Amino acid sequence: MIYDVVVVGAGPTGSTAARYAASYGAKVLMIEEHASIGTPVECTGLLSTRAVAECDIDPDDDFVLNSVRGAFVHSPNGTCLPIDGGKTKAYVVSRKIFDRRLASMAVEEGTELLLKGRVTGMTEEEGIRALSVMHMGKPTTIRTKMVIGADGVKSTIARHAGLGKVERVLSGIQVEAPYNSDNDDFVELFVGSRAPGFFAWTVPVNEKISRIGLAVEKGNEHNAIDYLKEIISADPHICDRHSRSTLDLVVGGIPIGPLERTYTDGVLIAGDAAGQVKPTSGGGIYTGAACAKIAGEVAAKAALEGDVSAQRLGSYEKRWKSELGRELGIGMRIHDFAGGMSDDELDEMIMSMNNPAILEMITKYGDMDHPSRLIKKLLNPMNSRHLIGVFRAFAKAVL
Ligand SMILES: Cc1cc2nc3c(=O)[nH]c(=O)nc-3n(C[C@H](O)[C@H](O)[C@H](O)COP(=O)(O)OP(=O)(O)OC[C@H]3O[C@@H](n4cnc5c(N)ncnc54)[C@H](O)[C@@H]3O)c2cc1C
């Protein structure tokens, strides 16, 4: 038996790719190493309304735990910038239920699902890919015309296909814990040396429980867990609201900066495996789903039409880059510039943004999936006159 498309990994990217491939008439198998979809969770579960829509699902009570409409951004000196989107901008979700919903949709579309199957190798025999799979402890081989590697940050498929690995990976850590939110319609972000190179967050599940976490660049003085312990035990804002007990712990890598190449003969790489993650927020669901749809379509058509050459599959990379490449590139420049700012510079910038005209602009044009849109508006001389030099330098460096 030879499949048209085998998708490795049943996260949001894999399920979306499998669903799309099956919808084009391909015989699809999705392989997941765990016994259960959606666990373990390595995510805060904050999804923009656009991310949920990109996955073709309605936000219903099943997986949505809370809705948020804005953020309180805390500068290192404690200044708080309130950003109110005015309406629901994002959902706080149960990733377990969300991932299961996406996998069920792939199965309903005709995808076969193999659980507890870990892909350990991939070879090619006369144009057919042979995947070595450890299934329930027994080795087996699965043959397919096309493979989609949606197997996350440590992608086995990208490595075996000779496409390398994402070089830059942030270390993320988070606890779910009792936390008295000032307003559970808002997330809280903490920038500066408390989380070097990225930021810390509290994301309210409800008014009494939040997901408190951070991500940091690798190579800092301390590791992510030390920074989290420090912020939970020493930041006055968090200490006042958090009782220090923990209900859940999440650790994981956040790949930023896409693979140089995401396709080769018979293979496409998508989602975290390909580094298709927003470098500004670490969010990978929206970008992963957008790329997965293209991967599913390209893989199915290539397999069904009998041409799985790299030359043909290059259309996948062209299409995802034309949809997201520019925003990911700008996002990386924002990430690098903001990550290099000192606490004093961040204090100054946040204070200069705490101005009614600027806040109105942020409300109107702020978009967590497309931050470049807001930066362009803020650079307009009419708006940027409110902003100090450090912001102008920031905006010019990233656009
Ligand atoms: C701390 C933290 C917080 C985050 N918060 C957010 C957030 O709020 N919003 C957001 O959008 N994103 C967030 N992310 C990122 C988000 O979790 C990922 O971008 C997203 O899960 C990527 O989906 P994926 O399907 O590409 O990969 P994954 O979700 O990693 O799925 C890959 C799947 O492949 C399986 N697999 C791996 N290797 C094999 C193998 N060899 N054989 C078979 N199966 C295999 C894995 O078990 C897994 O199920 C966060 C990440 C971290 C670490």
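Values in this text are rule-based calculations from the coordinates and carry no lab data. Because the structure is a prediction, the values reported are computed rather than measured. Glycine also receives a Cβ, built like all others from the backbone with ideal geometry; neighbour counts cover every protein chain displayed.
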Which whole-angstrom value gives the distance between the alpha carbon centres of region 140-192 and region 82-133? 12 Å
Counting only residues 5 or more places away or on other chains, whose amide H sits under 5 Å from the amide H of D265 once H atoms are built in the peptide plane? A310
Quick one: what are the phi-derived ³J(HN,Hα) couplings along region 63-72, Karplus 6.51/-1.76/1.60 with θ = phi - 60°, whole Hz, x for glycine and proline? 10, 7, 9, 6, 10, 10, 10, x, 9, 9
Name the residues whose placed amide hydrogens come within less than 5 Å of the amide hydrogen of T120, ignoring near sequence neighbours (fewer than 5 apart) on the same chain. S132, V133, M134
Among P371, A26, A338 the positive-end extreme of the charge dipole of the chain (Cβ point charges): A26
What shape does the chain take by its C-alpha gyration tensor, where a ≥ b ≥ c are the square roots of the eigenvalues and a/c under 1.5 counts as rounded, a/b above b/c as prolate, and the rest as oblate? prolate
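Mean separation of Cα pairs under 8 Å and 6+ residues apart, divided by the residue count of region 49-158: what relative contact order is that in percent? If you can, show how the numbers build up before the last one.
On the way: 128 pairs, mean separation 17.3, N = 110.
Averaging sequence separation for qualifying contacts and normalising by length gives 16 percent for region 49-158.
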³J(HN,Hα) computed for each position of region 136-148 - Karplus, 6.51 cos²θ - 1.76 cosθ + 1.60, integer Hz, glycine/proline x: 6, x, 10, x, 8, 10, 10, 10, 7, 6, 10, 10, 10
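For region 95-204, what relative contact order do you get, as a whole percent, if you take Cα pairs closer than 8 Å and at least 6 residues apart? Walk me through the intermediate numbers first.
Values: 100 pairs, mean separation 14.0, N = 110.
Across region 95-204, relative contact order equals 13 percent.
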Using a 10 angstrom cutoff on alpha carbons, build the Gaussian network for the chain and name the most mobile of G253, G25, G331. G25
Counted charge near E188, where neighbours are those whose Cβ lies closer than 14 Å (Asp, Glu -1; Lys, Arg +1): -3
At the level of C-alpha centres, the distance separating region 2-23 and region 309-360, in angstrom, is 29 Å
Which of the peptides 207-220, 362-375 is most tightly packed, and how do the rest follow, judged by the mean count of other Cβ atoms within 10 Å per residue? 207-220, 362-375
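When Lys and Arg each count +1 and Asp and Glu each count -1, what net charge do the other residues less than 13 Å away from E327, Cβ to Cβ, add up to? Write out the running numbers ahead of the final one.
Values: positive: R50, K278, K321, R326, R333, R373, K376; negative: E323, D367, D369.
Once positives and negatives cancel, what remains is +4.
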What does the helix-only formula give at 222 nm for the chain: each DSSP H stretch with n ≥ 4 adding -39500 (n - 2.57), the total divided by the residues, and the result rounded to the nearest 500 deg cm²/dmol? -10500 deg cm²/dmol
Plugging the Cβ-Cβ distance of T246 and K318 into 1/(1 + (r/R0)^6) at R0 = 30 Å yields, to the nearest 0.05, a FRET efficiency of 0.10
Between the helical axis of 95-108 and the dominant principal axis of the chain, each derived from Cα atoms, what acute angle in degrees is found, rounded to the nearest 10? 30 degrees
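Quick check on the chain: of the DSSP beta bridges with both residues there, what percent are antiparallel, nearest 5%? Show your work: numbers first, answer last.
Working: 56 of 77 bridges.
Of all bridge pairs located within the chain, approximately 75 percent are antiparallel.
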Percent relative contact order for the chain, counting Cα pairs under 8 Å at least six residues apart, stands at 20 percent
Each residue of region 287-294 in order: what ³J(HN,Hα) in whole Hz does its phi give by Karplus 6.51 cos²θ - 1.76 cosθ + 1.60, θ = phi - 60°, with x for Gly and Pro? 5, x, 5, 4, 6, 4, 4, 5
